[in-house]
Amino acid sequence: MTSKYSGLTQLGHATQQPQTPEDAILEAVPNTQDVDYVVRFVAPEFTSLCPLTGQPDFAHLVIDYIPGPSLVESKSLKLFLTSFRNHGAFHEDCTVGIARRLVATIQPKWLRIGGYWYPRGGIPIDVFYQTGPAPAGVWVPDQAVPSYRGRG
């Protein structure tokens with residue numbers, strides 16, 4: 001008997017951590033709801049590497065999307081995000097690249113990502129990407145991540 005989840009390769013299985021974002025497999029499951037709603041993922045300890053120095057960079061990511069035909073399977077998303085841990089890329093490339101990969105995989109009606117990067121060299125960098133205006137009639141909460149305040 002085949003279920004709508006039988007094609008998943010990671011959920012419910014022992015899974016190797018992908019070494020790069022390109023190696024990571026993002027998986028989708030069917031969206032069974034017939035209304036528009038917002039799904040939010042928060043990754044407060046996202047880590048990548050500076051492509052030039054190899055030093056770690058840290059971010060608080062907030063991903064909001066309104067599903068189309070598919071939802072992102074959360075274990076695959078966690079593994080995908082963790083695959084950046086040893087990956088060298090600038091903040092902008094990480095943030096926008098994550099959004100584009102999600103859009104390609106799940107084809108949401110709408111998606112936005114806020115990448116709130118912690119300071120390196122005294123300057124925090126925040127990167128925002130959105131596919132377009134959110135559909136009317138859907139409550140999209142504020143991301144509620146305060147601006148970096150340093151010493152207060």
Exercise for the section: Evaluate the distance, in nm, between pseudo-label points positioned 7 Å from the Cα of PHE128 and of ASN86 along their respective Cα→Cβ axes. Expected result: 3.5
Problem - Nearest-0.05 FRET efficiency for SER147 and THR53, computed from C-beta distance (R0 22 Å) - result: 0.30
Handout entry: Peptides ranked, highest mean first, by Cβ atoms within 10 Å: ranges 85-98, 122-135
Key = 85-98, 122-135
Exercise for the section: Take the chain, connect every pair of alpha-carbon atoms lying under 10 Å apart with a spring to form a Gaussian network, then pick out the residue of PRO21, PRO119, PRO141 with the largest mean-square fluctuation. Expected result: PRO141
Exercise for the section: Of the listed values [x] 16.6, 49; [y] 16.3, 59; [z] 14.8, 40, grab the one calculated as Rg and Dmax of the Cα atoms in Å from the structure here. Expected result: [y]
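Residue separation times 0.36 nm, minus the C-alpha to C-alpha distance between ALA136 and TYR37: what's the value?
Values: separation 99, 0.36 × 99 = 35.64 nm, distance 1.11 nm.
The ALA136-TYR37 span can extend by a further 34.5 nm.
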Handout entry: Top of ASP34, ASP64, ASP23 by mean-square fluctuation, Gaussian network on the chain, Cα under 10 Å
Key = ASP34
Problem - Contour excess over end-to-end distance, with Cα ends at GLN17 and LYS78 and 0.36 nm allotted per residue - result: 21.0 nm
Handout entry: Cα shape, the range 30-103, gyration tensor, a/c 1.5 rule
Key = prolate
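Every read-out reported here was derived from the displayed coordinates using simple, explicitly stated rules and does not represent laboratory data. Because the structure is predicted, anything quoted here is derived from the model rather than measured. With ideal geometry, Cβ positions are generated from the backbone for all residues, glycine too; neighbour counts draw on all protein chains shown.
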